[in-house]
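A short worksheet on the structure shown next.
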Amino acid sequence: MSVTVIVGAQWGDEGKGKVVDLLSRNADLVIRSQGGSNAGHTVVVKGTTYQFHLIPSGILEGTRSVLGNGVVVDPAQLVKEISLLESMGVDVRSHLLVSDRAHVVMPYHPRLDGAQEQARGSRKIGTTNRGIGPAYEDKVRRTGIRMGDLRSGDRLAERITELIEERNRQLELVSPDRVCDVAQERKALLEEAELLRPYIVDTFPMTDEALRKGARIVVEGAQGTMLDIDLGTYPYVTSSSPTAGGACTGTGIPPTAITRVIGIVKAYTTRVGEGPFPTEVTGELETLLRERGHEYGVTTGRPRRVGWFDGAVAQYSARVNGMTAMVITKIDVLDTLGTISTAGAYQAGDASYSYPPSDLGAFAACVPVYEEQKGWQKDISTIRSREELPRECRDYVTHLEELVGVPSAAISVGPDREETILCNASLLWD
Ligand code: GDP
Ligand code: IMO
Ligand code: MG
């Protein structure tokens, strides 16, 4: 048996989708644990790009793929994603299951998300506007509707009407232009419920049996450690737990069953949305990293903020997630640079920190303490072994391993599935 948990070690978009796809080849089951369609996971196979918001990236390999109980599911988005993938020749119907415990992102949730952001004014979070915060609010308040509720036909139409009308009264007060058309939204939701019904099951017996039979399971986390509701840069975070603990609560897999926690670590840092980002860069370097790395959000198209590698963040991630190894991604983006900076610690006035301090003001005041490395200035995208990388690039990888404190299982040198250097397969799978 093996349970491998994939977590983002920074602020999301580290390349989790690519790594999950890679691992799903040797897996029996892939389960998404949290988040919703705020995620955008990209897999590139022989030049064809697949973008996933909800469906686990394991689906491309024909691995059984599950939306776990910790996910919040927007039915319209899921229906759209299923039909897009099927039109691309992916057999979704035979492989996808959705937990009946997963909560539904209702049509009013994105509208409430937008209204809340507007009300925050200059303190806005920069959410993806996918209704994630309001959907988790309803879950925690115990007023949510779950995917299982979409299965039962009898009172569904009535319940949907009541819920939309109730939220419309709230929207009417704060943002009248966002009020839902009850009849239209009810009709759409009932149609989506019909289409999704065959996928919705209690996923416990299947997950439990897989664990008892010694199956190989991959848990696909979304977002990243610094966006964790508890451990991230609150309040500039998402509303779920992207860290390893969330992998358990979001799937029903017990902590004692986890055999590996793989942190996905981008060779530099990016962040979408607001909030402190100590190693952020501007000017020419910003443009270079953004354009070479195609750093535009998969979900919103927003340009991602970019910066140098932050070792304090990555080491913190390694510790709070219990990372057993990492996969370094997008190192090829640094190919043209003459010198590359990394930070291992921060200075804030008289205080120094080797980790991101919990106090947001203190974190915002942190100035990175940089070290410089020589760049390799060669195209590495065709290299397939660690030994063949230019010496400066090998030194950079070793330096990242020292900063983070865990070994690299693999190094990604391009977006395509094939553009991967396997360093130590036993750190990835049995
Ligand atoms: P995720 O949310 O963690 O799955 O990551 P995203 O898909 O949002 O963003 C990662 C982006 O980088 C995608 O466009 C990937 O195709 C791309 N990518 C992944 N690995 C590499 C890599 O090693 N090199 C380059 N150049 N691009 C990569
Ligand atoms: P993947 O899985 C990067 C960010 C948003 C915003 C904050 C809160 O592709 O790595 P939300 O809509 O969740 O309430 O927004 O979190 N965010 C992400 N940033 N990658 C993601 O997912 C993200 N999901 C949410 O930009 O700052
Ligand atoms: Mg992404």
>> Against the definition (surrounded by fewer than 24 Cβ atoms within 10 Å (Cβ to Cβ) and farther than 16 Å from Ser239 by Cβ), how does Glu117 come out, yes or no?
In response: no
> Could you say which residue among Ser122, Ser83, Ser152 is assigned to a helix (DSSP H, G or I), among the polar types (S, T, N, Q) and outside the structural domain of Gln223 (by TED's automatic domain parsing)?
Replying inline: Ser122
> With (1) out of contact with any Leu (no Cβ under 6 Å at 6 or more places or on another chain); (2) closer than 17 Å to Ala244 by Cα as the list, and Gly47 as the residue in question, which single condition is left unmet?
Replying inline: (2)
> Given Thr398, Thr420, Thr382, which one is open to solvent by 80 Å² or more (accessible area, probe 1.4 Å) and among the hydroxyl-bearing types (Ser, Thr, Tyr)?
Replying inline: Thr382
> Among the residues of region 210-236 satisfying the criterion of being closer than 24 Å to Gly361 by Cβ, within 16 Å of ligand 1 (Cβ to nearest atom) and not hydroxyl-bearing (Ser, Thr, Tyr), which is nearest to the chain's Cα centre (by Cα)?
Replying inline: Gln223
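Conditions (1) buried (at least 24 other Cβ atoms within 10 Å of the Cβ); (2) more than 15 Å from ligand 2 (Cβ to nearest atom); (3) of a type in the set (Phe, Trp, Tyr); (4) touching a residue at least 12 places away in the same chain (Cβ under 8 Å), marked per residue:
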residue: Val5; (1), (2), (3), (4): yes, no, no, yes
residue: Asn26; (1), (2), (3), (4): no, yes, no, yes
residue: Ser33; (1), (2), (3), (4): yes, no, no, yes
residue: Phe52; (1), (2), (3), (4): yes, no, yes, yes
> Does Asp28 meet the test of being modelled with pLDDT of 95 or more, more than 11 Å from ligand 3 (Cβ to nearest atom) and acidic (Asp, Glu)?
Replying inline: yes
>> Can you go through Thr300, Thr329, Thr279 and tell me which one is out of contact with any helix residue (DSSP H, G or I) (no Cβ under 6 Å at 6 or more places or on another chain), closer than 17 Å to Asp13 by Cα, within 14 Å of ligand 2 (Cβ to nearest atom) and open to solvent by less than 40 Å² (accessible area, probe 1.4 Å)?
In response: Thr329
> Would you pick out the residues in region 86-102 that are open to solvent by 30 Å² or more (accessible area, probe 1.4 Å) and assigned to a loop (DSSP other than H, G, I, E, B)?
Replying inline: Met88, Gly89, Asp91, Arg93, Ser94, His95, Arg101
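The values are calculated or read from the model by the stated rules, or taken from the named source; none is laboratory data. Note that the structure is predicted; figures quoted are calculated from it, not measured. Heads up, the Cβs are rebuilt from the backbone with ideal geometry, glycines too, and the neighbour counts pull from every protein chain shown. Please note that ligands, DNA and RNA were not included when accessible areas were found on the heavy atoms of the full protein model with its side chains. Shrake-Rupley method; radii C 1.70, N 1.55, O 1.52, S 1.80 Å.
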